[in-house]
Amino acid sequence: MPKEVAHPQQMNPSQADIAPLKRTVLLVAILSSLLTPFMSSAVNIALPSIGREFEMGTVLLGWTAVSYLLASAVFLVPLGRFGDIHGRKRLLTAGVSVYTLFSLLCGLSSSPIALLLFRVCQGIGAAMIFGTSLAILTSVFPASERGKALGYNVAAVYVGLSLGPFLGGLLTEHLGWRSIFLVNVPFGLLIIALLLRLEGEWAEAKGERFDAAGSLLFASSLLAIMFGFSRLPETLGAALVASGLIGMGAFVWWEKGVQYPVLQVALLLENKAFAFSNLAALINYSATAGVGFLLSLYLQYIKGLGPQEAGLVLLAQPLVQASLSPIAGRLSDRIEPRIIASSGMALTTVGLALLTSINQATSLAFIALCLMFLGLAFALFSSPNTNVVMGSVDRKYYGIASATLGTMRIVGQTISIAFAGLTLALYLGQAKVTPETQPLFLQSAKVALSVFASLCFGGIFASLARGKTHTN
C-alpha cells in the first residue's frame with residue numbers, strides 16, 4: 001500500500017500489516033461482488049412464484065427486477081463521490097448493512113408494494129457496495145498487483161451470475177422464493193464482521209463539499225434515460241430518453257461551474273484512458289447483455305429445452321469467464337492492458353458474428369462452443385479494462401471511477417436487453433413464439449445479434465483510442 005495518504009486522519013498500516021490487509025480487503029471485495037449479482041440473476045428465476053403468490057401482473061412483476069437495477073444505477077455515481085469524501089469503508093459498511101436489512105425485509109414482504117419498495121432500498125444498498133468495494137481494492141493493491149486482484153473480483157461477479165439461476169431455482173423449488181432473499185442475510189453479516197475488523201479508512205477527498213444539486217440532476221436524467229429505453233418504441237419512451245439526454249447536457253454544464261463537482265468533467269474530456277475505457281465498457285455491455293436473453297428464448301422456443309436445461313447451456317459463458325478472469329487480470333499487470341482488452345473486444349465481435357448463423361438446425365454443441373468463446377473474450381476484456389479505469393485516475397477519485405464503471409455496466413445491460421426486446425416487438429408484435437412464428441423470431445434474433453456484433457466492432461476502436469495507459 002502506498003505510504004502517502006491524502007488526509008492526516010487516514011490510518012496507514014505498517015509494512016507488516018499490509019499482507020493481512022490485502023487478504024481481508026480482497027475477501028470483502030470478492031464476497032460483495034458475489035452477493036449482488038447472485039441476487040440479480042436469482043430473482044429472475046423466482047419471478048413466476050412471486051407473481052403467483054401476490055397475484056401480480058406482468059408489468060408489476062417486471063418492476064420487481066427493474067426497480068432494483070434503476071435504483072442501483074441512479075445512485076452509483078453520487079454515492080461513489082460521497083464515499084471519496086466521507087470514507088469508502090464507512091459507506092461500504094453502511095451499504096452492506098442496508099443491503100442485508102432489506103434482503104431480510106424482502107423475504108418477509110406481505111404485499112407487492114412492500115416488496116417493490118424494499119427492492120428499491122436494496123438497490124440503493126447495492127449502489128453503496130458497487131461504488132466503494134472496487135475503490136478500496138484499488139487503494140490497497142499497488143499497480144503491479146492490481147490486475148490480479150481485479151481479476152479475482154471480476155471472477156466473483158460472474159460466479160454470482162452463474163450460481164444465481166441454478167441455486168435460485170433450487171431454493172425456490174424446495175424452500176420458496178423468500179429463501180432467495182433470506183440466504184443473503186448470513187453472508188451480509190459475515191461481510192460486516194470482516195469490515196469491522198478492517199483497520200484504516202480511505203477518504204482522499206475528505207473536506208470537500210458534496211454536490212447535492214449535481215447529484216440530483218444526474219440521477220433524474222439517468223433515470224429518465226433508462227426508464228425511457230425500457231418503454232421504447234412507445235412515444236413516452238422516446239420523450240423520456242430525449243429529456244434525459246438534455247438533462248445530461250445540463251448536468252455537464254452545471255459540473256463545469258462547481259468547485260467540487262460530483263463528477264469531474266475533466267476526467268471525461270481530458271483523460272483519454274478513463275473516458276475511452278468507460279466508453280468501451282458501455283459498448284461491450286450494450287452489445288452482450290441481451291445475448292443471454294435472446295439465447296434463453298431460442299433454446300426454449302426453438303430447441304424445445306426446459307428452463308433448467310437452457311440454464312445449463314447458458315452457464316458455459318459465465319463459467320469460462322469466471323475461470324479465466326484472474327489469468328487475464330495477471331496478464332494486464334505484465335502486458336499493456338489496452339492491448340489485452342482490445343483483443344477481448346475483437347474476439348467478442350467474432351463470437352457474436354458466429355451466433356448470427358443460428359437456425360432451427362443449429363446444434364447445442366455449436367451454441368455452447370460460441371458461449372465458451374464469448375466467455376474467453378469477456379474475460380480478456382473485463383479485468384484489463386477495469387484495471388485501466390481504476391489506474392487512470394488519482395486516488396481521490398477511486399470511488400467515482402468505480403461508480404462510473406458500474407454505471408456503464410448497468411446502463412449498457414439495460415440498453416442491450418431493451419434493444420433485444422424492441423427488435424422482437426418490431427418483428428413479432430404481440431404474437432407469441434409458435435411454430436408458425438419461429439422464422440420471424442429467428443430473423444429478429446439475427447438482426448439483433450448483427451447489430452450487437454457491429455457495435456462491438458466499433459468498440460475495438462474505442463478500446464484502442466485510449467492510447468498507451470499508465471496506471472497510478
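Here are a few things to note about the model shown:
- Of the candidates 170, 236, 190, 163, the single residue that is in a helix (DSSP H, G or I), without any contact (Cβ under 8 Å) to a residue 40 or more places away in the chain and in the same structural domain as residue 103 (by TED's automatic domain parsing) is 170.
- Residue 130 falls short on exactly one of the conditions (1) in contact with a Leu (Cβ under 9 Å, 6 or more places away or on another chain); (2) modelled with pLDDT under 80, and that condition is (2).
- The combined condition, being modelled with pLDDT under 85, in a helix (DSSP H, G or I) and either polar (S, T, N, Q) or not assigned by TED's automatic domain parsing to the domain that holds residue 225 (or both), is fulfilled by residue 69.
- Scanning segment 182-201 for any residue that is among the β-branched types (Val, Ile, Thr) and more than 21 Å from residue 64 (Cβ to Cβ) turns up at least one such residue.
- Single residue of 231, 209 found to be of a type in the set (Lys, Arg) and at pLDDT 85 or above: 209
- Test result for residue 268, outside any loop (DSSP other than H, G, I, E, B) and either modelled with pLDDT of 80 or more or farther than 21 Å from residue 401 by Cα (or both): no
- When 244, 228, 257 are checked against the criterion of being surrounded by fewer than 17 Cβ atoms within 10 Å (Cβ to Cβ), out of contact with any Cys (no Cβ under 7 Å at 6 or more places or on another chain) and not assigned by TED's automatic domain parsing to the domain that holds residue 421, a single residue qualifies: 257.
- For residue 213: the one exception among (1) in contact with a helix residue (DSSP H, G or I) (Cβ under 8 Å, 6 or more places away or on another chain); (2) surrounded by 14 or more Cβ atoms within 10 Å (Cβ to Cβ); (3) of a type outside the set (Lys, Arg): (2)
- The listed residues are 280, 316, 287, and the only one of them that is in the same structural domain as residue 452 (by TED's automatic domain parsing), closer than 19 Å to residue 34 by Cα, hydrophobic (A, V, I, L, M, F, W, C) and touching a residue at least 40 places away in the same chain (Cβ under 8 Å) turns out to be 316.
- Tabulated pairs, segment 24-46, first without any contact (Cβ under 8 Å) to a residue 24 or more places away in the chain and in a helix (DSSP H, G or I), second small (Gly, Ala, Ser) and buried (at least 21 other Cβ atoms within 10 Å of the Cβ), C-beta under 7 angstrom, 6+ apart or interchain: none
- Within the option set 117, 175, 104, being in contact (Cβ under 8 Å) with a residue 60 or more places away in the chain and among the aliphatic types (A, V, I, L, M) holds for one residue only, 104.
- Count - residues of segment 342-370 that are within 21 Å of the chain's Cα centre (by Cα) and among the β-branched types (Val, Ile, Thr): 2
The values are calculated or read from the model by the stated rules, or taken from the named source; none is laboratory data. Model, not experiment: these values are computed from the prediction. Backbone-built Cβ (ideal geometry, glycine too); neighbour counts: all protein chains shown.
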